[in-house]
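What follows draws every value from the coordinates through simple rules; no lab data is involved. Just so it is clear, the structure is predicted and the values come from calculations on it, not from any experiment. Counting neighbours? That spans all protein chains shown, and the Cβs are built from the backbone with ideal geometry, glycine included.
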Amino acid sequence: MEYLMQLPKESIGQSFFNHEPIHVAQSLLGKIIAVPHSTNWLMVRIIETEAYYRKEKASHSSLGYTKKRKALFMSPGTIYMYYARGGDSLNFSCQGEGNAVLIKSGYPIFLKDDAIDTRKVMQSNNPNRNGSRRSIAKLCAGQTLLCKSLNLKVSDWDTKQLTPNLLELWDDYYFPEKIIQTRRLGIPPARDAHLPYRFIDMRYVDFCTKNPLRVRNFQMGRDYTILKP
């Protein structure tokens, strides 16, 4: 379990996203998504992202403009949320019309001496199917689990921007020492599944959606590479 001694003081603004998706996807690793709850904050460190370009077939925007995809064609930093696997997914538009980054998974963090136990709040938001408390390790290990833990919904945030005191992105000056670059998950072979547009903070690889280091027959140099920013 990860604790902060104090809340980060630097908020990230819209200009952060005015870069191409691969750059933004890597830069987002380690940043903190923060949502207020009462007088406290629910916080998740981003540990896994996926980049999407309009020019490649896996991107929603490659199918063209629709009202549901409007956010992808708006200015960088616009929130694009959609329903996936029965839940909500969080994305941000990037430089280049139709380009975006998906927040694939995160790791919950907490503030020392919080007035309330925000861990229990997030577990209450996102219980196991049988109603029991989901473990911290699995609480945000997937795009829909992350949104459920933070109570982020398509109806509230699609086409919106990060908003002070409602939804913020923070930088506490943590930077991954190593980043795993590999193929995205759930992409059909005919839709550019081979592209290495998925990025994982190696420190948190055991808590991402699917650990590429433990996939049978995955080989370094062929199926994934390790970057040192």
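Values as computed for the structure displayed
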item: Residue in segment 28-64 that is farthest from K104 (Cα to Cα), counting only those that are touching a strand residue (DSSP E or B) at 6+ places or on another chain (Cβ under 9 Å) and of a type in the set (G, A, S); result: S62
item: Every residue from segment 16-40 that is exposed (fewer than 14 other Cβ atoms within 10 Å of the Cβ) and either touching a Pro at 6+ places or on another chain (Cβ under 8 Å) or at positive phi (or both); result: S38
item: Residue within segment 127-145 that is over 22 Å from A193 (Cβ atoms) and crowded, with 23+ Cβ neighbours inside 10 Å present; result: yes
item: Filtered residue count, segment 204-229, keeping only those that are more than 15 Å from the chain's Cα centre (by Cα) and touching a residue at least 60 places away in the same chain (Cβ under 8 Å); result: 3
item: Entirely in segment 121-229, the strands (runs of 3 or more DSSP E) that have 1 or more residues that are touching a Cys at 6+ places or on another chain (Cβ under 9 Å); result: 179-182, 198-201
item: Any hit, segment 105-118, residues being outside any helix (DSSP H, G or I), under 25 Å from N18 (Cα atoms) and touching a Pro at 6+ places or on another chain (Cβ under 8 Å); result: no
